[in-house]
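The values are calculated or read from the model by the stated rules, or taken from the named source; none is laboratory data. Small disclaimer: the values here were computed from a predicted structure and weren't measured. Here the Cβ positions follow ideal geometry from the backbone for every residue, glycine too, while neighbour counts run over all protein chains shown.
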Amino acid sequence: MRRILVAFDGSEASEFALKKALSFAQKNSKIFVFYVIDEDEVRWPSRIDISLIWSGNIVELENNILEIHKKYAERLLEKARKIAKRKGRDVKLSYDVGYPPDKIIEFAEKQKCDLIVLGSKARTQLGFMLGSVAQKVAVKSKVPVLIVKGSG
């Protein structure tokens, strides 16, 4: 595998997935670490500045929220870079805004990746189940998908 995409959201499961990918990737492999800012969280945040809504300036509100998400994405990706550096590897960091499953697949196809690696941490009383993003990527992707369960 020459080109590996690791979907990274900063969770323990995604850190574990990154570490697994780093452990089996060939030395000459290119590893992409990719984060998606969920477009719904930008448009419909759970916590919003009421004063901006009262002023009627929704565009300003969305722009401010997007900037906060971009800074958060950069911090998460820096965390991923440090994990890779400790393993003696370099990674290419990227983020985008959109619907996470679609953006992950789109990025993997655009970069001609051989594999998508994702973490899954969702659990129910019936046992482990795939998280919704991992499940959707696995079902929709033409690129092979490795889902790493748990946090190791």
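Data for the structure
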{"read-out": "Where Ser46 falls short, out of the listed (1) at pLDDT below 90; (2) under 25 Å from Ser132 (Cα atoms); (3) surrounded by 15 or more Cβ atoms within 10 Å (Cβ to Cβ)", "value": "(3)"}
{"read-out": "Selected residue (criterion: farthest from the chain's Cα centre (by Cα)) from residues of the stretch 60-91 that are of a type in the set (Gly, Ala, Ser) and surrounded by 13 or more Cβ atoms within 10 Å (Cβ to Cβ)", "value": "Ala84"}
{"read-out": "Residue tally, condition closer than 11 Å to Val36 by Cα and β-branched (Val, Ile, Thr), over the stretch 75-104", "value": "2"}
{"read-out": "Tally, over the stretch 67-114, of residues that are under 17 Å from Gly10 (Cα atoms), in contact with a helix residue (DSSP H, G or I) (Cβ under 7 Å, 6 or more places away or on another chain) and aliphatic (A, V, I, L, M)", "value": "7"}
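Each row is one residue, and each column tells you yes or no for (1) surrounded by fewer than 17 Cβ atoms within 10 Å (Cβ to Cβ); (2) at pLDDT below 95; (3) over 16 Å from the mean Cα position of the chain (by Cα); (4) aliphatic (A, V, I, L, M).
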{"site": "Glu106", "(1), (2), (3), (4)": "yes, no, no, no"}
{"site": "Leu115", "(1), (2), (3), (4)": "no, no, no, yes"}
{"site": "Val133", "(1), (2), (3), (4)": "no, yes, no, yes"}
{"site": "Val137", "(1), (2), (3), (4)": "no, no, no, yes"}
